[in-house]
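Sharing a structure below in structure tokens format, with a few things to ask.
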Amino acid sequence: MELLENQIKNKRLSSSYIFESKNSTYNLDRALEFSKKVFESYGLDTRLSENSDFEIIKKDEKEKNISIKTVRLLINDMYLRPSNGKIKIYIIDESERLSLEGSNALLKSIEEAKDYILIIFTTNNSFSLLKTIRSRCQIISFKSEKENEFVDREELSYILSEIISGNLSFYYKNKDFFSKAKDYKEEFFIEISNFFNNLIKLKYYREISIENKKYYFT
């Protein structure tokens, strides 16, 4: 994270970031690490669990998306000055789960964010966020070493490529591969989603990543 460390050192932080990799846990870990370093640079306590000026926003366990109610509570909190007098940091975890209504409500707050606000969106696909949000964030793409250990992505990509090419019988030839996924369904569907997201990126978004200044890190 040399670029981010230099921004901290030189006091040139962006007001909003997108942290992106294929692994959601990895994204959150990096966002937490970055948050600690930012607080430390201000001479503040880095114990995030005890910090009233730090918050992780995520979907409720009973909800599919991050609700508009949660977003409105976040926006209201952003108007309150930090108790430390310097900075407030919000991590919107798995931000691809933001509803359209929530995303639109948040957009204005990003545009008019106070100088003490820092927002970090974590996601496994930055293109799942509104283009207007992406354009206002610095996108940091990590090549996670903590990729999904349950799914053979190379084999999955090969099988899906054959199927979408019209070779439907390939599914039945590889039913055992799909049957084994019943014990890690969530991870399996994430990898299927990533496959099609990458396919869309390859076809439609080659130039957009350059326009949005996307950065890649290991």
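Go through (1) under 30 Å from Asp152 (Cα atoms); (2) surrounded by fewer than 17 Cβ atoms within 10 Å (Cβ to Cβ) one by one and return the number of the condition Lys69 breaks.
(1)
Just a yes or no: is a residue in the range 37-54 free of Cβ contacts under 8 Å to residues at least 40 places away in the same chain and in contact with a Leu (Cβ under 6 Å, 6 or more places away or on another chain)?
There is at least one residue in the range 37-54 that is free of Cβ contacts under 8 Å to residues at least 40 places away in the same chain and in contact with a Leu (Cβ under 6 Å, 6 or more places away or on another chain).
Now a separate question. Could you count how many residues in the range 88-102 are open to solvent by less than 10 Å² (accessible area, probe 1.4 Å) and farther than 24 Å from Glu33 by Cβ?
Summing the residues that are open to solvent by less than 10 Å² (accessible area, probe 1.4 Å) and farther than 24 Å from Glu33 by Cβ in the range 88-102 gives 1.
Whether any residue in the range 80-87 is surrounded by fewer than 16 Cβ atoms within 10 Å (Cβ to Cβ), among the hydrophobic types (A, V, I, L, M, F, W, C) and either more than 26 Å from Lys37 (Cα to Cα) or at pLDDT below 90 (or both) is what I want to check.
No.
Output the residue which, of all residues in the range 179-195 that are exposed (fewer than 13 other Cβ atoms within 10 Å of the Cβ) and under 19 Å from the mean Cα position of the chain (by Cα), is modelled with the highest pLDDT.
Here the residue is Phe189.
For the range 34-56, what are the residues that are among the acidic types (Asp, Glu), open to solvent by 30 Å² or more (accessible area, probe 1.4 Å) and modelled with pLDDT of 95 or more?
Glu40, Glu55, listed by residue number.
Mind checking which residues of the range 69-98 are under 18 Å from the mean Cα position of the chain (by Cα), of a type in the set (S, T, N, Q) and over 15 Å from Arg134 (Cα atoms)?
Thr70
How many of the residues making up the range 80-114 are out of contact with any Leu (no Cβ under 9 Å at 6 or more places or on another chain), under 21 Å from Leu48 (Cα atoms) and not charged (D, E, K, R)?
Going through the range 80-114 one residue at a time, the tally reaches 4.
What tally of residues in the range 1-22 results from selecting those that are open to solvent by less than 30 Å² (accessible area, probe 1.4 Å) and assigned to a loop (DSSP other than H, G, I, E, B)?
The qualifying residues number 1.
Which one is modelled with the lowest pLDDT, of the residues in the range 88-124 that are farther than 30 Å from Phe196 by Cβ and of a type in the set (A, V, I, L, M)?
The residue in question is Ala113.
The values are calculated or read from the model by the stated rules, or taken from the named source; none is laboratory data. As the structure is a computational prediction, the values presented were derived from the model and not from experiment. Here the Cβ is made from the backbone with ideal geometry for all residues, glycine too, and neighbour counts use every protein chain on show. Areas reflect the complete protein model, heavy atoms only, side chains present, ligands, DNA and RNA absent. Shrake-Rupley method; radii C 1.70, N 1.55, O 1.52, S 1.80 Å.
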